[in-house]
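Accompanying notes for the structure given below.
All of the numbers you see were taken from the coordinates with simple rules; none came from a lab. Being a predicted model, the structure only gives us computed values, none of them experimental. Quick reminder, even Gly has a Cβ in these numbers, built from the backbone with ideal geometry, and neighbours come from all protein chains shown.
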Amino acid sequence: MAKNEFLFDLKTPETTWRGSGKHFFPNGQEASEAGMITSAEGPHGLYWCLDTIMHKVPEEYMETWDMPHFHTRGYETFFVDSGKVYIYINGQRVLCQKGDIVHLQAGQAHGMKFIEEVKWRGTYHDFETYPESRDVGRVKRYMPELADDPELAACAPRGEMDNTPLEHFLYKDVPVEQCLAIKNIARPWASYDLPGCSVKVLVERWENGGVKELDCAVMEPGFTAEWVKYPPLRELLYVRSGKVKFNILGQEFIADDECVVSIPRFAPHSLEALEHSEVYDLGGQSYWSLFFQSYEYIRTKEPERLTPETVEALKKKFQVQIKSIGYKK
Ligand SMILES: [Fe+2]
């Protein structure tokens with residue numbers, strides 16, 4: 001069967017990753033392996049998604065290892081999908097585990113210590129990457145005898161990504177609920193209930209330099225959504241848990257837990273939740289948060305204005321591409 005170009009099942013990295021790279025601890029043990037899911041696109045480098053396995057920090061480094069760094073312009077959002085990791089940020093240290101989401105802003109110092117093996121899925125934007133690093137990597141791959149040559153290392157002095165190391169952190173241990181950088185669908189900025197679907201606003205646009213937002217639709221079985229005929233915005237969805245049937249360009253398939261679904265622009269598509277499912281909008285281009293704020297204000301304070309024309313106007317204003325939703329129990 002031909003490979004489904006819209007579906008990336010992160011449960012099977014061997015068939016899903018389009019190339020990968022490894023990092024190592026100073027003792028030579030593997031620290032991480034990152035696989036490319038979708039690449040960056042456009043001036044803000046949106047839709048970039050990497051699936052990384054972060055290995056447990058070896059005992060000999062457990063005391064001191066915290067990877068302190070910052071990015072001058074890049075933003076990162078990580079899904080913690082297994083294991084446990086300490087996050088150092090805003091003078092705090094918090095313990096994150098499966099279900100948590102770590103949102104890191106440009107210029108914000110952060111670090112992490114993986115105390116168990118962690119499935120660490122990330123989306124990034126406005127990240128500068130330096131292509132000379134990949135070319136140096138190729139030399140090392142083909143000619144491993146040159147891997148430790150300082151002259152070769154000097155060809156890529158900036159590394160692969162805009163990433164500036166810092167001194168270790170001073171911090172205070174706090175519960176995860178007290179750290180603004182750690183998101184979870186249990187603690188959204190706002191939550192909006194529709195028949196068969198609850199939309200959680202997790203990362204607002206102002207936490208992303210105005211470029212995107214992160215929302216999660218928690219769907220019940222029988223919830224359906226149909227997009228406008230030729231949606232102008234590309235979408236990247238992450239079915240973090242559950243089971244959702246998609247129809248994209250007439251191709252029907254099921255995405256279950258840990259599946260990324262890439263929906264090209266102009267592609268007619270629809271979905272139906274088959275189980276209780278968490279679906280995250282990784283592309284984050286529709287202004288869902290502002291759409292719902294406006295909709296809820298009108299619905300509760302000036303309901304006489306809530307006509308189909310008003311809703312259509314709101315959808316247009318906030319680039320909402322859904323034509324209709326349904327719920328059959
Ligand atoms: Fe980072």
Check your understanding: In sequence order, what are the phi-derived ³J(HN,Hα) couplings for the range 11-25 according to the Karplus relation 6.51 cos²θ - 1.76 cosθ + 1.60 with θ = phi - 60°, rounded to whole Hz, with x for glycine and proline?
Key -> 6, 10, x, 4, 10, 9, 5, 9, x, 8, x, 10, 10, 10, 6
Revision key, fill the gap. In the neighbourhood of residue 184 defined by beta carbon distances under 12 Å, the net charge of the other residues (Lys, Arg +1; Asp, Glu -1) is +2
Check your understanding: Any idea how far apart residue 23 and residue 204 come out in nm if each label point goes 7 Å out from Cα toward Cβ?
Key -> 3.1 nm
Study note, to complete from the structure: In this structure, among 119/212; 11/56; 113/245; 245/315, pairs with alpha-carbon gaps over 30 Å are 113/245
Practice item. Give me the distance in nm between label points sitting 7 Å out from Cα along the Cα-to-Cβ direction at residue 97 and residue 11, one decimal. Key: 2.2 nm
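Among 112, 67, 143, 161, rank each residue by its count of other Cβ atoms within 10 Å, from fewest to most, as a rough exposure measure.
Numbers: 112 25, 67 18, 143 11, 161 15.
Starting with the residue having the fewest Cβ neighbours, the order is 143, 161, 67, 112.
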Check your understanding: Taking residue 140 as the anchor, which lysines have their alpha carbon closer than 22 Å to its alpha carbon, excluding any fewer than eight residues away along the same chain?
Key -> 22
Exercise for review: Multiply the residue separation of residue 39 and residue 164 by 0.36 nm, subtract the distance between their alpha-carbon atoms, and state the gained length in nm to one decimal.
Suggested key: 42.8 nm
Study note, to complete from the structure: FRET efficiency for residue 220 and residue 141 from the Cβ-Cβ distance with R0 = 51 Å, rounded to 0.05, comes out at 0.60
Review point. What is the list of residues in the range 60-89 whose amide nitrogen lies under 13 Å from a point 7 angstrom out from the Cα of residue 115, following Cα to Cβ?
Key: 62-65, 83-88
Check your understanding: Tell me, in nm to one decimal, what length is gained between residue 323 and residue 174 on full extension, where the rule is 0.36 nm per residue of separation less the Cα-Cα distance?
Key -> 49.3 nm
Review point. Which shape class applies to the chain: rounded if a/c is under 1.5, otherwise prolate when a/b exceeds b/c and oblate if not, where a ≥ b ≥ c are the square roots of the Cα gyration tensor eigenvalues?
Key: prolate
Study note, to complete from the structure: FRET efficiency (residue 148, residue 184; Cβ distance; R0 35 Å; to 0.05) is 0.25
Study note, to complete from the structure: Computed over the range 221-293, the relative contact order (Cα-Cα under 8 Å, seq sep at least six) in percent reads 43 percent
Revision key, fill the gap. Taking GluC sites (Glu not before Pro) as exposed when in a DSSP loop with at most 10 other Cβ atoms inside 10 Å, the chain has its longest clean stretch at 168-329
Review point. Quick one: 292, 223, fewest Cβ neighbours within 10 Å first, how do they rank?
Key: 292, 223
Exercise for review: Neighbouring Cβ atoms within 10 Å as the yardstick, rank 192, 130 fewest first.
Suggested key: 130, 192
Practice item. Return the calculated 222 nm mean residue ellipticity for the chain, to the nearest 500 deg cm²/dmol, obtained by summing -39500 (n - 2.57) across DSSP H runs with n ≥ 4 and dividing by the residue count. Key: -3500 deg cm²/dmol
